[in-house]
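These notes are about the structure you will find just below.
The values are calculated or read from the model by the stated rules, or taken from the named source; none is laboratory data. This one's a predicted model, so the numbers in the text were calculated from it and none came from an experiment. Glycine gets a Cβ as well: all are built from the backbone with ideal geometry, and neighbour counts include every protein chain shown. Heads up: the accessible areas ignore ligands, DNA and RNA and are worked out on the full protein's heavy atoms, side chains in. Shrake-Rupley method; radii C 1.70, N 1.55, O 1.52, S 1.80 Å.
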Amino acid sequence: MNRQFINDYDSLIVGGGLVGAAIATGLAGSGRRVAIFDGGDRDFRASRGNFGLVWVQGKGADYAPYARWSGIAARAWPAFAQSLLEATRVDVGLQQTGGLDFCLDETEWDARDSEMRRVQAHTDGEFEFQMLDNAELREWIPQVSERVLGACFSPRDGHVNPLYLLRALHQRLCDLGADYFPSRPVLSTTPDGGGFRVDTATDRYTAGQVVFCAGLANQRLARDVEMDIPVRPLRGQLLITERVPSFLPCASVQVRQTREGTLQIGDSHEDAGFDESTTLDVITQLAARAVRIFPHLEAVRLQRAWGALRVMTPDGLPVYQQSSRYPGAFAVSCHSGVTLAALHAGAVAEWIDGSRMHPLIADFSATRFDVSATRQRRA
Amino acid sequence: MFRLLGNDAPEFVEIELDAQRVSVPAGISLAAALLLLDALPTRRTPVGAGPRAPFCMMGACYECLVEIDGRVNQRACQVLISAGMRVRRQLASAVPEAEA
Amino acid sequence: MKAHYPLVIIGAGPAGMAAAQTAAAQGVEVALFDDQPRPGGQIYRNLEASPLADPAQLGKDYVFGRLPIQRFRQSGAAYFPGSAVWYLDRECNLGILHDGVHRRLSADRLVIACGAQERPMPFPGWQLPGVMTAGAGQILLKSAALVPDEPPVLAGSGPLLLLLARQYLRAGVGIRAIIDTTPAGRLWPALRYLPRALAAGDYLLEGLQMVAAIRRARVPWYRQASDLRADGDERLAGLRFRTRGGLHEIETRLLLLHQGVIPALQAASAAGCDSEWNPRQQCWQVAVDCWGESSQNGIFVAGDGATIGGARAAALAGQLAGLQVAWQLGLLSQTRRDRLASPVRKARQRQLSLRPFLDSYYRLDEAALQPDDATLLCRCEEVSAAQIRAVAQLGCSGPNQARAFTRCGMGPCQGRFCGPGVEWILARQQTVGVDRIGHYNSRPPLQPVTLGQLAISEGEQR
């Protein structure tokens, strides 16, 4: 096949979702010539299934570096949103008035409480939270049902419109002169004299760097440069309703009210393989839970239900991996593309760029999975 | 904009439209009745407060949304007239804030 | 209502009714769900209980429906009117809203017969009160005996536009003007399909009679019109358009639009049925085999919802689906199935032989399908064509990405009216055919359902 050979780039980014686009803006912003290869309109696109939370509470309860990383990310959000607004005129709708996780019974309450205490310990008290009982909750949000036990509140949590975030990132990329190739998936990568050759169906590109941000495809793609990035799909179904008079002053795990006034209701965690479909069971369960928390929503219409596949690493924490064999190759996998966006555009891009490696990045290497596998073998 | 065809007067019933009593033929859709009454626009859009009215009459376009007996966003073309129904056109310019 | 039926049919138009009747006649236990209170679909709407003194004034194709409706009523199929199917999946699980109560159902086989929708015809001002579809005009006539109180303007292209004009004239309603957007030079290339079209029946003759009646009534008929713009402040006041003769302006408070019909794909798409681009009809349709079975085993799509062919062809497609389901469920031998199917296939081919001529004569000018920048392409979320073009410049992978970036298609109609426009814009921007662009993916709910309705049923499950 007659491939066109193209070597106009410094960095080739495989994947144009929230992770790839954010990293690409960081690299392009520091002057690198960047190309981004994206899948097709109907591919698995985790970015379209993101709930939109900027979330700190609970993160890293079992892994201190993640607790700290998430905290930094949340603190970086306001400036990040502002810079995107100024650069692209896209308002990603950041609202960081805190976040709630509703507890419907004692088990949930105890689990949340214990989780948060661990996060607090990991962050030397930086992380703040408060367990609100029903009375306190309803004083703030009168529409909460009497039957809700309470909720965990954390002041630094918030939400954005994840689709507008992706759009803003793509606008930024366009303005920075990066080349974005939709519907041009990467088929294979070959190390070549210190750099890499990347093949799509029609063309071949060469560059000094390749960064895999291709969601569930990372495992297969990164093997070409001898990186083992274990990721598996975890389905989440979400509901979106018609517009509703404004009543929810902050985001919550179960329900959030968007800027448009619609309600996003989530979400499930299902082992369904590579199947994005919605199911009747989950749709009705999510609806029932929303009504259980906010009884006044019973008359509100469901406008759309959809499912998406989260990109889950074995411990659910991000992977930031540089190939030891081929140092110009990187892989980034996570399911918190919104919360961590500022860091992906900032610290992670700087790491890939070679200008600075944030001390926490080493804690997210994929080799941690080898270690635990070794531990298991020894045990 | 529309009139009834034919000389045989159909049966008329009373409904409430924006708190006024009006007489409309029984057995037709609410959207048809609103057109007969020339009660246009029948709603304003939530984003730009644009004036709208029934468009497709087959339940596909969702332009004919009205409030019926206290329930908002009902497709008027999918609801038949029943005596005493209380209809309000959704003419507020934006989704209202909840009452405190 | 049971929790499971061997065959569930969605839609009580010609295809659905015929499928129900055929399958029931072979001993299949059938349940048919339709969201309207009476059977007939759009074409035979309100025929059973017409508010018109003389329904026959709407034409013989309308009253032809009496027999299929009667046969369906007598078929033994369980019929559930006023039932909205809001959920279906490829395992033939269904979520149905019946009398405001949500119910789950399952089936061994599914026939989706949801019919067609009018092809959207977006242009600046199309969202104003007073602009409606020609189909809406027909529904008002059939279901409420309502006609325009002033002569309306009809704009667009296609047999349905002329049919409506004829029906209005017969009802004593004048027509202010027909703004015909059929492109120039269509007759000559269509003529080669004429002999085949004549085999379909006297449709062409009826067509000529409609045209003659419209001419006799001296309805101003502007041809090869383009660049439509509806003007008005709170409601439609007038229409501007262009013809070869120059620019025109007509005052009117009612404008009825029609630009052909396209399959309503939502239900089939939600069930995972593959769609395919029909280049002759310039629309998406469902990929089905010669029995109407889709790419999903056990799910059939029959009638205009699969491919546009008209009411009679739809009924015949319904029969074929019914026969195949009966055979698949073991109630009909292959030999007998084929013997029964043979005349049905022939009759269907005869009906479809009209299509090449119509599709060619009314073929849309694809350049003219590009919505003007100022058009409110997404009526629900008020997104302009210009805004779609702006994100297309960023390199949109397809309509779903365009929707994610702009909210176009996220409103209550879920893209039914903006989808095609977005596809044409992306196709032009990427200089490829629409077949390479794709269409919006379809997700539940297919009809509105409240959280409370779902929650109650969830409570009952426990």
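Label positions at residue C:242 and residue A:281, each projected 7 Å from the Cα along the C-beta direction, are separated by 5.9 nm. Relative contact order for chain A: 24 percent, from Cα pairs under 8 Å spaced at least 6 residues apart, divided by residue count. Between the range C:317-366 and the range A:292-351, the C-alpha centres lie 49 angstrom from each other. The order of A:313, A:279, A:367 by accessible area, most exposed first and with a 1.4 Å probe, is A:367, A:279, A:313.
Considering only A:52, A:37, A:27, the residue lying farthest towards the positive end of the dipole of the range A:1-87 is A:52, judged by Cα position with unit charges set on Cβ. Convex hull volume per residue, computed on the Cα atoms of the range C:377-462, equals 102 Å³. Taking only Cα atoms and a 10 Å spring cutoff, compute GNM fluctuations for chain A and point out the largest among A:181, A:247, A:196. In this elastic network of chain A, the residue with the biggest mean-square fluctuation among A:181, A:247, A:196 is A:247. For the range C:120-259, the Cβ-based charge dipole about the Cα centre amounts to some 540 debye (Lys, Arg positive; Asp, Glu negative; other atoms uncharged).
Label reach from residue C:435 (point 7 Å along Cα→C-beta): in the range C:268-295, amide nitrogens under 15 Å belong to C:275-288. Centre-to-centre separation between the Cα atoms of the range B:11-86 and those of the range C:401-462: 25 Å. For the pair residue C:333 and residue C:204, the difference between a 0.36 nm per residue extended length and the Cα-Cα distance amounts to 42.5 nm.
Assuming R0 = 22 Å, what is the FRET efficiency of residue C:78 and residue A:299, from their Cβ-Cβ distance, to the nearest 0.05? Intermediate values should be presented prior to the final figure.
Numbers: r = 30 Å, r/R0 = 1.37.
Here the calculated transfer efficiency is 0.15.
Taking only the alpha-carbon atoms of the range A:267-379, what semi-axes of the equivalent ellipsoid follow from 5 times the gyration tensor eigenvalues under a square root, in whole Å, largest first?
Details: eigenvalues 282, 75, 32 Å².
Here the semi-axes work out to 38, 19, 13 Å.
Rounded to the nearest 0.05, what FRET efficiency do residue A:192 and residue C:99 give with R0 = 51 Å and r taken as the Cβ-Cβ distance? Could you check? Before the final figure, lay out the partial values.
Details: r = 68 Å, r/R0 = 1.32.
Once the sixth-power term is evaluated, E becomes 0.15.
The convex hull built on the alpha-carbon positions of the protein assembly as shown has an orientation-averaged projected area of 41.4 nm².
Bridgeable lysines around residue C:346 (alpha carbons under 27 Å apart, same-chain partners fewer than 8 residues away excluded): C:60. Assuming charge only on the beta carbon of Lys and Arg (+1) and of Asp and Glu (-1), the dipole of the protein assembly as shown about its Cα centre is about 3060 debye to the nearest 20. Taken along the Cα-to-beta-carbon direction at a fixed 7 Å, the label points for residue B:82 and residue A:202 span 5.8 nm.
Charge dipole of the range C:1-151 (Cα centre as origin; +1 on each Lys and Arg Cβ, -1 on each Asp and Glu Cβ, all else neutral): 340 debye, rounded to the nearest 20. With a 10 Å cut-off around each Cβ of B:32-39, the average count of Cβ atoms from other chains is 4.
Placing pseudo-labels 7 Å out from each Cα toward the beta carbon at residue B:71 and residue A:79 gives an inter-label distance of 5.2 nm. Farthest towards the positive end of the charge dipole of the protein assembly as shown, among the residues B:15, C:404, C:30, is the Cα of C:30, using unit charges on the Cβ of Lys, Arg, Asp and Glu.
Overall shape: oblate for the range C:120-259, with the ratio a/c of the largest to smallest alpha carbon gyration tensor axis at 1.5 or above and b/c at least equal to a/b.
The convex hull around the C-alpha trace of the range C:1-142, projected and averaged over every direction, spans 10.3 square nanometres. Note: the range A:50-136, Cα convex hull, 116 Å³ per residue. Other residues whose C-beta falls under 12 angstrom from the C-beta of residue C:446 contribute a net charge of +1, scoring Lys and Arg +1 and Asp and Glu -1. Compared with its chain on its own, the range A:149-185 contains the following residues whose accessible area drops by 30 Å² or more in the full protein assembly (probe 1.4 Å; ligands, DNA and RNA excluded): A:163, A:164, A:167, A:170, A:180, A:182. A protection proxy built from the mean count of other Cβ atoms within 10 Å ranks the segments C:366-372, C:33-39, C:400-406, most packed first, as C:400-406, C:33-39, C:366-372. Each peptide among B:16-27, A:72-83, B:51-62 gets the average number of other Cβ atoms lying within 10 Å of its residues, and from highest to lowest they stand as B:51-62, A:72-83, B:16-27. In this structure, residue A:139 and residue C:231 have a Cβ-Cβ separation that, at R0 = 56 Å, corresponds to a calculated FRET efficiency of about 0.60. For the range A:76-150 versus the range C:32-85, the spacing of their alpha-carbon centroids is 55 Å.
As a test of reading the structure, rank C:362, C:87 by solvent-accessible area (1.4 Å probe, protein chains only), most first.
On the way: C:362 50, C:87 0 Å².
From most exposed to least exposed: C:362, C:87.
Take chain A, drop everything but the C-alpha atoms, weight them equally and run the Debye formula without solvent; then report log10 I(q)/I(0) at 0.12, 0.13 Å⁻¹ to two decimals. Debye curve over Cα of chain A, log10 I(q)/I(0) at q = 0.12, 0.13 Å⁻¹: -0.92, -1.07.
Scaled to the compact-protein estimate 2.2 N^0.38 Å, what is the alpha-carbon radius of gyration of chain B, rounded to two decimal places?
Values: Rg = 13.7 Å, N = 100, 2.2 N^0.38 = 12.7 Å.
The value comes to 1.08.
Summed over qualifying helices (DSSP H, 4 residues or more, each -39500 (n - 2.57)) and divided by its residue number, chain C shows a 222 nm mean residue ellipticity of -10000 deg cm²/dmol. The residue among A:130, C:194, A:148 whose Cα reaches farthest toward the positive pole of the charge dipole of the protein assembly as shown, with charges on the beta-carbon of Lys, Arg, Asp and Glu, is C:194.
When every Cα-Cα distance of chain C is counted in 10 angstrom steps from zero, the calculated P(r) takes the values 4, 20, 30, 28, 15, 3, 0 percent.
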